[in-house]
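J.: Quick one: this structure, given as structure tokens, is what I'll be asking you about.
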Amino acid sequence: MLRHSVLALTFFVAPLAAQEKIDTAAISRIKAEERDRSQVMEIASWLTDVFGARLTGSPSAKAAGDWTVKKLNEWGMANAKMETWGPFGRGWSNERTVAQVVSPRQFPIIAYPAAWTPGTSGPVKAEVVVIKADSAPDLEKYRGKLRGKIVFTQPPRDSVPPHFTADASRLADTSLARLAEAPFSADPPRGGGPNAGANNAQASRFRAAQDLQRTLATFLADEGVAAVVTPGRGDDGTVFTGASGSRDAANPTKVPGLIFAAEHYGRIARMVEKGVPVTVELDVKNTFYDDDPSSFNIVAEIPGTDPKLKNEVVMLGAHFDSWHTGTGATDNAAGSAVMLEALRLIKATGLKPRRTIRIGLWTGEEQGLLGSRAYVKEHFGDPQTMQLKQPAQSQFAGYFNVDNGTGAIRGVYLQKNQAVTPVFTAWMTAFNDPRMHTLTANNTGGTDHLSFDAVGLPGFQFIQDPVDYGSRTHHSNMDVYERLVPGDMKHNAAVVATFVYLTANRDEKLPRKPAPTVQ
Ligand SMILES: [Zn+2]
């Protein structure tokens, strides 16, 4: 069936906050279990310290997934399993990275491979060439001169300034007040608005830059260079990394790609600019896995106990995958551990949810919300056609997501769902924690609740303190266990358990927005 099916009927004016029936004893039990017997940091330590980075398609992601399913079974969860989705593409892992300058003066380099690029096929020692190419014709002067060289494709960063502001912050009351004032007005039409011209210019600059990158990659591969190096974003030992290789086995990336810490890249590039030859030794071993191009989501349930409501489902979720250099602690072992702990809290307290509670831990988020999109399409409907799967779509009570790092939950992004305001207001009042009192009409993007929102399901992401997510940990080599704040993680687990449990036990499902139209 097409759009405007059941959805329109379920949109109603919610009762006043005072009329929400709230099981405050349940909230107290959840808080006490988290205070006295928390496992959230232990879960996070396993996911980060033991399994490490969980790049989608890597053996460590799979090992962490196996451990998680085992843990869910140990806790007595029902239907704990991995659900396959795909194809995702080639698996990839980095087995060895040695990078050091060997002349004119030896020093070790903070260096990481870009994901899905090949290794160096053994140790190589080669001279560094810094190329300058703003357009395809600029490349001609390098033709025939780069074989076996280590190529720096950018000048050293202009400036790597000192940090005059703290890396970490909490949301000030003034910031929260501004969020709370956001209107529920509809989003501006796509492609329109006063900035449309500027956005189009930006988009065409972006396309031109991408075209040049592709031309450059082909040129360097044809030249037979030893490796391509770029300076990482970040400083003070922090390197932000990502992918520059292809996941398509039919169209593989041919040249090893590395990211050097800005300061080490800068030192080498400045020497080369002075005419001082620099030799770098690299030994990078990366492995591709082509046996199975699919990936997995992890699901498990606490079955509902109300005969009339147990077929209805409340979900809590987070993405399980990470980038490959740190251990994906704040992005997103934090969210995964909070969700696992929230589920454990509900089970361990012996609370009886009326609706079924289901966890979903997604992979492929970093490559475009791939796992959660596949899950929603498989179980609830296709956002492209708005062909909805019934009865699952109409039996869905709500989805809660955590993916903004370790920071304490301060409230909820309502995703323009105005009708839910009195419900969450009442819940926050009952939870009674001075940290959490803000609701904002605003949407927040870039994570998995959008997959649910896209087919008309009420999906929410929490407002969190940034801490040092944006400045230091997000996709960096320093996204590690130490960057998790235990007090915040515990608070978040108790908040999520409370919201999920109250959704499971409410007389009605959470109110929905009017149905989205076909995209
Ligand atoms: Zn991320």
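The values are calculated or read from the model by the stated rules, or taken from the named source; none is laboratory data. Treat the numbers as computed from the prediction; the structure is a model and nothing was measured. Using ideal geometry, Cβ is built from the backbone for each residue, glycine included, and neighbour counts are taken over all protein chains shown. All accessible areas refer to the heavy atoms of the entire protein, side chains included, with ligands and DNA or RNA removed. Shrake-Rupley method; radii C 1.70, N 1.55, O 1.52, S 1.80 Å.
J.: Which of the peptides 437-446, 362-371 is most tightly packed, and how do the rest follow, judged by the mean count of other Cβ atoms within 10 Å per residue?
T.: 362-371, 437-446
J.: Rounded if a/c is under 1.5, else prolate if a/b is larger than b/c, else oblate: which is segment 38-121, with a ≥ b ≥ c the root eigenvalues of its Cα gyration tensor?
T.: Cα axes put segment 38-121 in the oblate bin.
J.: Can you pull the one-decimal nm distance between simple spin-label points at Ala177 and Asn443, each 7 Å off the Cα toward Cβ?
T.: Label-label distance for Ala177 and Asn443, simple model: 2.8 nm.
J.: So what's the gap between the Cα centers of segment 209-278 and segment 92-148, to the nearest angstrom?
T.: With segment 209-278 and segment 92-148 each reduced to a Cα centre, they are spaced 6 Å.
J.: Can you give me the accessible area per residue for the chain, using a 1.4 Å probe, in Å²?
T.: It amounts to 43 Å² per residue over the chain.
J.: So if we plug the beta-carbon distance of Asp507 and Asp49 into 1/(1 + (r/R0)^6) with R0 = 56 Å, what FRET efficiency do we get, rounded to 0.05?
T.: 0.80
J.: Using 5 Å bins from zero, what percent of all Cα-Cα pairs in segment 468-519 falls into each bin?
T.: P(r) for segment 468-519, in whole percents per bin: 4, 14, 13, 12, 13, 11, 15, 13, 4, 0.
J.: May I pose another question? So how far apart, in nm, are the two label points at Arg207 and Ala63 if each is 7 Å from Cα heading toward Cβ?
T.: With each label point 7 Å from Cα toward Cβ, the separation is 4.4 nm.
J.: Let me ask something additional. Evaluate the charge dipole of the chain about its Cα centre and quote only its size in Debye, nearest 20, assuming +1 on the Cβ of each Lys and Arg and -1 on the Cβ of each Asp and Glu.
T.: The dipole of the chain has a size of about 460 debye.
J.: Decide, for segment 404-462, between rounded, prolate and oblate: order the square roots of the alpha carbon gyration tensor eigenvalues as a ≥ b ≥ c, take rounded if a/c falls under 1.5, and otherwise choose prolate if a/b is larger than b/c, else oblate.
T.: Note, shape of segment 404-462 comes out oblate.
J.: Just order 484-497, 287-300, 259-272, 96-109 by mean Cβ neighbour count inside 10 Å, highest at the front, would you?
T.: 484-497, 259-272, 287-300, 96-109
J.: At most 12 other Cβ atoms within 10 Å and a DSSP loop assignment: could you name the GluC sites (Glu not before Pro) in segment 11-99 that fit?
T.: none
J.: Of the listed pairs Lys21/Lys81; Lys70/Lys416; Lys310/Lys513; Lys81/Lys389, which have alpha-carbon separations greater than 26 Å here?
T.: As for pairs spanning more than 26 Å Cα to Cα, those are Lys21/Lys81; Lys70/Lys416.
J.: With r as the distance between the Cβ atoms of Gln384 and Ala25 and R0 = 35 Å, compute the FRET efficiency 1/(1 + (r/R0)^6) and round to 0.05.
T.: Efficiency, from the Cβ-Cβ distance: 0.20.
J.: Where Lys and Arg each count +1 and Asp and Glu each count -1, what net charge lies around Pro307 among other residues with Cβ under 13 Å from its Cβ?
T.: +3
J.: Can you give me the three principal axis dimensions of the chain from its C-alpha atoms, in Å, biggest first?
T.: In descending order, the Cα extents are 76, 50, 49 Å.
J.: List the lysines whose alpha-carbon lies under 27 Å from that of Lys132, not counting same-chain residues fewer than 8 positions away?
T.: Counting by Cα, and skipping residues close in sequence, Lys132 has these lysines nearby: Lys141, Lys145, Lys149, Lys254, Lys274.
J.: Which shape class applies to segment 43-186: rounded if a/c is under 1.5, otherwise prolate when a/b exceeds b/c and oblate if not, where a ≥ b ≥ c are the square roots of the Cα gyration tensor eigenvalues?
T.: Verdict is oblate for segment 43-186.
J.: Another one. For segment 400-518, take every pair of Cα atoms, bin their distances at 5 Å starting from 0, and report each bin as a whole percent.
T.: 2, 11, 20, 23, 20, 12, 8, 4, 1, 0
J.: Need the full-extension length gain, Lys145 to Glu74, defined as separation in residues times 0.36 nm minus the C-alpha distance. One decimal, nm.
T.: So the extension gain works out to 19.5 nm.
J.: Pairs of Cα atoms under 8 Å, at least six residues apart: use those to get the relative contact order of segment 77-140, whole percent.
T.: Reported relative contact order: 19 percent.
J.: Whenever you get a sec, compute what percent of the accessible area on the chain sits on carbon and sulfur atoms (1.4 Å probe).
T.: Taking all protein chains in place, the chain shows 53 percent carbon and sulfur surface.
J.: What is the extension gain from Gln418 to Asp283, computed as 0.36 nm multiplied by their sequence separation minus the C-alpha to C-alpha distance, in nm to one decimal?
T.: Result: 43.0 nm gained on full extension.
J.: Over the chain, what is the relative contact order in percent, taking alpha-carbon pairs closer than 8 angstrom and at least six residues apart?
T.: 26 percent
J.: Give me the lysines in straight-line cross-link reach of Lys308: C-alpha distance below 17 Å, same-chain residues under 8 apart excluded.
T.: Those lysines meeting the cut-off are Lys352, Lys509.
J.: So, one more: With charges only on Cβ, +1 for K and R and -1 for D and E, what is the dipole size of segment 243-380 about its Cα centre, in debye, rounded to 20?
T.: Around 600 debye, computed over segment 243-380.
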